[in-house]
Amino acid sequence: DQQVKQNSPSLSVQEGRISILNCDYTNSMFDYFLWYKKYPAEGPTFLISISSIKDKNEDGRFTVFLNKSAKHLSLHIVPSQPGDSAVYFCAARRSTNTGNQFYFGTGTSLTVIP
Amino acid sequence: KAGVTQTPRYLIKTRGQQVTLSCSPISGHRSVSWYQQTPGQGLQFLFEYFSETQRNKGNFPGRFSGRQFSNSRSEMNVSTLELGDSALYLCASSSADRALIAGANVLTFGAGSRLTVL
């Protein structure tokens, strides 16, 4: 049961343009949402997060938007750079009395074309 | 400070064998989680350890097990390997020591252990 879904396996964008990566989730109990970036032969690295009580969080070129009613979030990268080419994973956190559990999407491979 | 260290980085096993993977978390991090990454499946949660106790477990068969030592280092073991166990196994550590904390509990991942089962 995939509770976090990234329906686009890949995305290609021209350098300088906007990259929009999308993510859908099913569990309304998630309290935080995160984006991770992964280069080949490396582990995922944390990029940006957003609380479920917010609808937008911005960090430099990266902005995450959350639409709770639609159970949808998106990551915007503006302007896109060739170094942004990587696999992006959307993740959601559920807090319980026994700790935090994270659920990850299947990833979207972003290619920024110079 | 040093990041999350996983060993070995690459290994090849045959069906029926068993394997043990090791993870050293960031100093001071008490929570260690394990994930399996396969093409098309994303990162599947295996289990999480905190203070030597398994706190959460994903939907994997009993062949997958783990433990955590008093220094927070963790190992995971897969017995009776199957071809489908071929994957990248990722370990992540975090500093959270309470279930509900302000701010996102960020996982810091290691580079992973690439297991190939022949």
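The values are calculated or read from the model by the stated rules, or taken from the named source; none is laboratory data. Values in this document were obtained by computation on a predicted structure and should not be read as measured data. No Cβ is skipped: glycine too gets one built from the backbone with ideal geometry, and neighbour counts run over all protein chains shown.
Observations on the model:
- Selection within the stretch A:86-100 - surrounded by fewer than 23 Cβ atoms within 10 Å (Cβ to Cβ) and within 20 Å of B:Gln41 (Cα to Cα): A:Ala86, A:Val87, A:Arg93, A:Arg94
- Residue count, the stretch B:4-51 (criterion: closer than 13 Å to B:Gly112 by Cα, facing chain A (nearest Cβ under 9 Å) and surrounded by fewer than 16 Cβ atoms within 10 Å (Cβ to Cβ)): 1
- Among the residues of the stretch A:93-107, those identified as more than 9 Å from the chain's Cα centre (by Cα) and either outside any strand (DSSP E or B) or on the phi < 0 side of the Ramachandran plot (or both) are A:Arg93, A:Arg94, A:Ser95, A:Thr96, A:Asn97, A:Thr98, A:Asn100, A:Gln101, A:Phe102, A:Tyr103, A:Phe104, A:Thr106.
This table checks each residue for (1) out of contact with any Leu (no Cβ under 6 Å at 6 or more places or on another chain); (2) over 30 Å from A:Lys5 (Cβ atoms).
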position: B:Thr5; (1), (2): yes, yes
position: B:Thr20; (1), (2): yes, yes
position: B:Ser33; (1), (2): yes, no
position: B:Gln37; (1), (2): no, no
position: B:Gln44; (1), (2): yes, no
position: B:Thr53; (1), (2): yes, yes
position: B:Gly58; (1), (2): no, no
position: B:Gly62; (1), (2): yes, no
position: B:Gln68; (1), (2): yes, yes
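- Filter result for A:Asp55 (away from chain B (no Cβ under 14 Å), over 24 Å from A:Thr111 (Cα atoms) and either among the aromatic types (Phe, Trp, Tyr) or under 15 Å from the mean Cα position of the chain (by Cα) (or both)): yes
- Inter-residue pairs, beta-carbon under 6 Å, first crowded, with 21+ Cβ neighbours inside 10 Å and in the stretch B:64-82, second modelled with pLDDT of 95 or more and basic (Lys, Arg), 6+ apart: B:Val78/B:Arg63
- Number of positions in the stretch A:102-114 that are surrounded by fewer than 21 Cβ atoms within 10 Å (Cβ to Cβ) and within 24 Å of B:Gly40 (Cα to Cα): 3
- Selected residue (only one of A:Glu42, A:Glu58 is charged (D, E, K, R), closer than 21 Å to B:Thr38 by Cβ and free of Cβ contacts under 8 Å to residues at least 24 places away in the same chain): A:Glu42
- A search for C-beta distances below 6 Å between a residue of the stretch A:1-29 that is within 12 Å of another protein chain (Cβ to nearest Cβ) and surrounded by fewer than 16 Cβ atoms within 10 Å (Cβ to Cβ) and any residue that is aromatic (Phe, Trp, Tyr) and outside any strand (DSSP E or B), counting only pairs 6+ apart in sequence or on different chains, returns nothing.
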